[in-house]
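I have placed the structure first, in the form of structure tokens, so that the comments after it can refer back to it.
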Amino acid sequence: MRTYLTPLRKIRLMCGIVGYVSKASVDNADHSALDVVLSGLKRLEYRGYDSAGVALVTAGGELETAKKAGKLSALTDELAEHPLPAAQTGIGHTRWATHGGPTDANAHPHLADGGKLAVIHNGIIENFAHLKADLVAEGVEFLSQTDTEVAAAQLAKNFQTTGDLTEAMRVTATQLEGAFTLLAVHADAPGTVVAARRNSPLVIGLGEGENFLGSDVAAFIDYTRTAVEIGQDEVVTITPDAVVITDIEGNEVQGTQYEVNWDTAAAEKGGFASFMDKEIHDQPQAVADTLLGRMDTDGKLALDEMHIDETVLKTIDKIVVIACGTAAYAGQVARYAIEHWCRVPVEVELAHEFRYRDPVVNEKTLVVAISQSGETMDTIMAVRHARQQGAKVIAICNTYGSTIPRESDAALYTHAGPEIAVASTKAFLSQVVACYLLGLYLAQLRGNKFRDEIAAILTELQAIPAKVQRVLDEDKEQVLALARRNQDVDSVLFLGRHVGFPVAMEGALKLKELAYIHAEGFAAGELKHGPIALIDDGQLVIIVVPSKRGRDSLHAKVISNIQEVRARGANTVVIAEEGDEEVREFASEVIYVPETTTLMAPLLTTVPLQIFAMELATAKGLDVDQPRNLAKSVTVE
Ligand code: M6R
């Protein structure tokens with residue numbers, strides 16, 4: 001039996017969901033279900049764009065659907081060619097693939113009950129394989145690889161027993177494990193959309209003679225600004241004149257009503273000023289989602305995606321991480337952990353340098369290719385080269401079905417959701433977490449760590465989302481003010497040791513790409529070998545200080561490095577662990593992050609650096625989501 005790592009109460013996986021009902025007759029409808037659903041999907045497309053689909057129920061009780069792999073425009077082209085009949089009841093979905101590739105067949109909605117029931121879904125149903133086996137034994141046939149189609153079949157089965165769509169949804173919700181928002185319409189129930197949510201978002205929009213459902217308010221903000229929150233494990237039924245929310249036992253509950261005062265652009269960004277700001281705040285969820293469902297009840301890691309033979313993994317004698325930019329810094333952080341846990345040498349190489357170096361890789365090498373997009377050409381070429389040399393390649397990727405995981409021997413997906421801002425934030429944290437899961441899995445397999453040791457590390461990992469949230473809640477204002485005060489600096493140096501070194505480089509990269517100013521990340525110990533000549537009066541130096549409880553003398557050494565630069569006039573800003581009073585004396589300002597272990601610290605110390613770069617660029621009037629000269633996915637060598 002599986003148990004699941006759900007460190008936060010609310011797990012938010014991606015995909016955009018819209019539901020709509022109105023009482024206007026088809027003839028005088030000013031809001032047709034198709035128009036409303038498509039406009040909602042357009043606003044939610046930032047949540048996923050692997051496929052899109054709609055289901056409508058006509059007044060005459062016909063269920064009509066259309067779905068297409070690719071962006072929403074592929075669906076609208078299809079609808080222009082093959083229009084659907086007018087209807088006032090509809091649901092729509094834009095997908096971020098998790099189970100099953102981004103194909104037409106796997107696009108939502110999924111049908112059941114002889115094509116009379118349509119279901120859309122956001123989330124991951126953990127026990128879908130078990131449910132599917134039972135349904136197959138009962139003669140149900142499946143057309144897709146999705147967990148959603150299993151939920152649809154289960155709902156159809158419960159509808160046949162209960163004869164009531166709301167009741168059937170309630171029963172289904174009790175039978176599903178994991179994270180889900182489900183929306184369903186049935187040909188026999190025109191004018192009704194039924195939904196359920198657990199660990200995945202859903203909000204109601206209230207209208208006059210019409211009601212809405214959406215993954216977030218952006219879905220219906222063009223039509224109404226009155227919204228109602230839906231609690232955990234609640235079922236909601238919307239009809240044109242009523243919204244009924246019940247708990248899992250069927251007791252009616254009141255949702256919390258509120259007015260949305262964001263403009264439409266802000267709604268897509270969840271009310272944040274930029275996608276980058278939103279994605280920085282997504283990080284507790286991105287970490288939690290990446291941990292979701294990867295451990296069994298015995299505390300053992302179970303990486304179902306690991307399609308590389310265990311005997312191969314047991315005999316590898318080297319790990320080579322290939323990646324670019326931020327993804328490479330995630331690999332550099334992971335190197336400290338994997339070498340420490342697995343006692344296997346780990347090299348981290350920029351993907352564009354890798355194959356030109358004629359690297360020594362062979363059947364005993366495990367290559368880990370890290371990429372948010374899965375489409376970075378430098379990394380693709382490095383993956384191909386590694387496989388030609390006989391190495392096994394595992395991709396750590398955020399984009400289901402992209403080239404790098406497809407061309408690798410196995411893929412471990414980060415579940416950060418789409419990252420829209422060009423500067424990577426939540427992908428970095430989830431890449432580090434995925435690498436840590438891989439490292440612990442190898443340590444478990446190869447017997448490098450005892451079970452209780454792995455469990456203790458996983459417990460600390462589980463605590464990270466809440467700690468990242470604390471950094472956001474408690475440090476953000478201080479870091480924003482720091483950035484605003486420094487908006488005119490023309491150079492910032494970042495220092496760190498051990499895992500703090502790649503964090504320093506990532507902090508510098510963020511500042512370079514967003515604020516267009518000179519920034520360098522140095523290993524603090526390297527300073528005296530040259531870079532210290534850069535220090536002049538007032539030079540801003542940001543130092544990542546390791547925990548006093550970490551590796552012997554590391555803390556003291558970094559304190560010495562701070563003193564060295566301070567003595568030469570540097571303005572020293574320190575990122576340190578709560579309770580570290582010693583650093584105060586040497587810093588013009590200290591930003592404290594919660595206590596954690598040495599290896600987990602990068603998951604916290606990176607966050608203030610992201611906020612600093614974002615705000616400094618904003619203060620300079622720059623576009624933080626789309627910095628000059630850059631592309632989100634670099635598909636050329
Ligand atoms: O999609 P990938 O993770 O392969 O992209 C790698 C780099 O291009 C990317 O991390 C880049 O460095 C970002 N702009 C950093 O914020």
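Identify all residues within the stretch 584-632 that are acidic (Asp, Glu) and open to solvent by 60 Å² or more (accessible area, probe 1.4 Å); write none if there are none.
Glu585, Glu595, Asp623
Out of Gln444, Gln431, which single residue is over 21 Å from Gly325 (Cα atoms) and polar (S, T, N, Q)?
Gln444
Would the stretch 407-420 turn up any residue that is modelled with pLDDT of 95 or more and of a type in the set (Phe, Trp, Tyr)?
no
If we keep just the residues of the stretch 102-113 that are open to solvent by less than 20 Å² (accessible area, probe 1.4 Å) and not polar (S, T, N, Q), which is farthest from Val54 (Cα to Cα)?
Ala112
Return yes when Ile319 is away from the ligand (no atom under 11 Å from the Cβ) and either farther than 20 Å from Thr414 by Cβ or surrounded by fewer than 24 Cβ atoms within 10 Å (Cβ to Cβ) (or both) and no when it is not.
No, not satisfied.
Going by the structure shown, is Tyr329 farther than 21 Å from Thr403 by Cβ, open to solvent by 30 Å² or more (accessible area, probe 1.4 Å) and either of a type in the set (Gly, Ala, Ser) or within 15 Å of the ligand (Cβ to nearest atom) (or both)?
Spelling it out, Tyr329 is indeed farther than 21 Å from Thr403 by Cβ, open to solvent by 30 Å² or more (accessible area, probe 1.4 Å) and either of a type in the set (Gly, Ala, Ser) or within 15 Å of the ligand (Cβ to nearest atom) (or both).
For a quick check of your reading: which strands (runs of 3 or more DSSP E) sit entirely within the stretch 163-246 and have at least 2 residues that are buried (at least 18 other Cβ atoms within 10 Å of the Cβ) and in contact with a Pro (Cβ under 8 Å, 6 or more places away or on another chain)?
210-214
Do you know which of the residues in the stretch 346-367 that are open to solvent by 10 Å² or more (accessible area, probe 1.4 Å) and under 25 Å from Leu429 (Cα atoms) is farthest from the ligand (Cβ to nearest atom)?
Applying the filter and picking the extreme gives Glu347.
The rows are residues; the columns are (1) assigned by TED's automatic domain parsing to the domain that holds Arg335; (2) touching a His at 6+ places or on another chain (Cβ under 9 Å); (3) of a type in the set (A, V, I, L, M, F, W, C); (4) not in a helix (DSSP H, G or I).
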| site | (1), (2), (3), (4) |
| --- | --- |
| His498 | no, no, no, yes |
| Pro502 | no, no, no, no |
| Glu506 | no, no, no, no |
| Lys510 | no, no, no, no |
| Ala519 | no, no, yes, yes |
| Leu527 | no, no, yes, no |
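When you look at Ile370, is it near the ligand (Cβ under 10 Å from one of its atoms), touching a Phe, Trp or Tyr at 6+ places or on another chain (Cβ under 9 Å), under 22 Å from Leu458 (Cα atoms) and of a type outside the set (S, T, N, Q), yes or no?
no
Please work out if Val287 is farther than 27 Å from Gln372 by Cβ and among the β-branched types (Val, Ile, Thr).
It is false that Val287 is farther than 27 Å from Gln372 by Cβ and among the β-branched types (Val, Ile, Thr).
Can you tell me which of Glu419, Glu453 is in contact with a Lys or Arg (Cβ under 9 Å, 6 or more places away or on another chain) and in the same structural domain as Arg294 (by TED's automatic domain parsing)?
Residue meeting the stated conditions: Glu419.
Which of the residues belonging to the stretch 373-386 are surrounded by fewer than 20 Cβ atoms within 10 Å (Cβ to Cβ) and within 14 Å of the ligand (Cβ to nearest atom)?
Within the stretch 373-386, Glu375, Met377, Met381 qualify.
When you check Leu135 against the structure, is it without any contact (Cβ under 8 Å) to a residue 40 or more places away in the chain and outside any helix (DSSP H, G or I), yes or no?
No, not satisfied.
Considering every residue within the stretch 374-387, establish whether at least one is out of contact with any Ser or Thr (no Cβ under 6 Å at 6 or more places or on another chain), closer than 23 Å to Met276 by Cβ and not assigned by TED's automatic domain parsing to the domain that holds Asp623.
yes
Failed condition for Ala334, given (1) within 16 Å of the ligand (Cβ to nearest atom); (2) open to solvent by 30 Å² or more (accessible area, probe 1.4 Å), with all others met?
Result: Ala334 fails condition (2) only.
Tally the residues that are in contact (Cβ under 8 Å) with a residue 40 or more places away in the chain and not small (Gly, Ala, Ser), restricting the search to the stretch 138-156.
5
Answer yes or no as to whether Gln160 is free of Cβ contacts under 8 Å to residues at least 40 places away in the same chain and either crowded, with 20+ Cβ neighbours inside 10 Å or not in a loop (DSSP other than H, G, I, E, B) (or both).
In short, no.
Would you mind stating whether Val433 is within 15 Å of the ligand (Cβ to nearest atom), over 22 Å from Cys15 (Cβ atoms) and in the same structural domain as Glu305 (by TED's automatic domain parsing)?
no
Which condition number does Leu438 fail, the rest of (1) assigned by TED's automatic domain parsing to the domain that holds Val573; (2) open to solvent by less than 30 Å² (accessible area, probe 1.4 Å) being met?
Checking Leu438 against (1) assigned by TED's automatic domain parsing to the domain that holds Val573; (2) open to solvent by less than 30 Å² (accessible area, probe 1.4 Å), the one that fails is (1).
The values are calculated or read from the model by the stated rules, or taken from the named source; none is laboratory data. Model, not experiment: these values are computed from the prediction. Ideal geometry is used to build each Cβ from the backbone, glycine not excepted, and the neighbour counts take in all protein chains shown. Side chains included, ligands, DNA and RNA excluded: accessible areas come from the protein's heavy atoms. Shrake-Rupley method; radii C 1.70, N 1.55, O 1.52, S 1.80 Å.
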